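See structure below.
The values are calculated or read from the model by the stated rules, or taken from the named source; none is laboratory data. Treat the numbers as computed from the prediction; the structure is a model and nothing was measured. Here the Cβ is made from the backbone with ideal geometry for all residues, glycine too, and neighbour counts use every protein chain on show. For accessibility, only protein heavy atoms count, side chains too; no ligands or nucleic acids. Shrake-Rupley method; radii C 1.70, N 1.55, O 1.52, S 1.80 Å.
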Amino acid sequence: MAPRPRVPPLAQRLRRLPNPRFTGLGAGLFATATMLGIGFLDRLLLDGAPLVYGVLFLPVSVVTALWVRTADLVTAPISVPIAFAVGAYPIADGNGGFGGQAMSLVTTLAVHAGWLYGGTLIAGLIASVRKVRQMARRQNAREAAVRAGAIRAGATAYRAAGPRPSASPSPRPGARSRAPGPTVPRAVRRGG
């Protein structure tokens, strides 16, 4: 038996990390709750520094896109900007009631749109790569199943054809001669 290849220590540490799979709604709620928590902490500890909020938005986008189920990949780039907007509420410096707070939130979103677009782009790229890999795995599995089916069909046809005639020049005395039969059905030979 060949020795197993050595796994780098970084890969071992990454394998120990949690690997949850959120539904589309769960991924959106995770991103929204995380960004809202980051927004409140930013407001409390750093007086609403938008740079810190924007930088922390990027890993939340990555984690959201990685942890969403494969069936719900399309929701990651949709839920991440919503989470950014909800979490930006605490860091928006609004005063003067609802109108003032809403205008401050819109201004914060407009001024920090680079972070918003960057995180959305990251989530979209990760979701797209995961979807392409899933489609490739499905195609490979489908092709392997077709190949396995063709091999099984060929073996079945070989067994159904019976024994091949011997290459000996003189048959056994008293043995019936048998016409050689096809070893593979015509449909398999034609490829369909």
Charge sum, other residues only, whose C-beta stays under 14 Å from Lys131's C-beta, Lys/Arg counted +1 and Asp/Glu -1 | +4
Given H placed 1.01 Å from N in the peptide plane, which residues other than close sequence neighbours of Gly48 have an amide H under 5 Å from its amide H?
-> Arg43
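Sorted by accessible area (1.4 Å probe), largest first, how do Ser128, Ser61 line up? Each step should come with its number before you reach the end.
Numbers: Ser128 65, Ser61 0 Å².
Listed by decreasing accessible area, they come as Ser128, Ser61.
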For the range 1-147, build the convex hull from the C-alpha positions and give me its volume per residue in Å³.
-> 139
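Just the number, please: carbon plus sulfur as a percent of the accessible area of the range 57-148, 1.4 Å probe, no ligands or DNA/RNA counted. Spell out each step's value before the answer.
On the way: 3590 of 5110 Å².
The value for the range 57-148 is 70 percent carbon and sulfur by accessible area.
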Express in Å², to the nearest 10, the accessible area of Arg147 obtained by rolling a 1.4 Å probe over the protein heavy atoms while all chains stay in place.
-> 140
Toy charge model, Lys and Arg Cβ at +1, Asp and Glu Cβ at -1: the range 1-130 dipole around Cα centroid in debye, rounded to 20, equals 920
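What net charge is computed for the residues neighbouring His112, neighbours being all others with C-beta under 14 Å from the C-beta of His112, Lys and Arg scored +1, Asp and Glu -1? Could you put the intermediate results ahead of the total?
Numbers: positive: none; negative: Asp42, Asp93.
After counting each charged neighbour, the total is -2.
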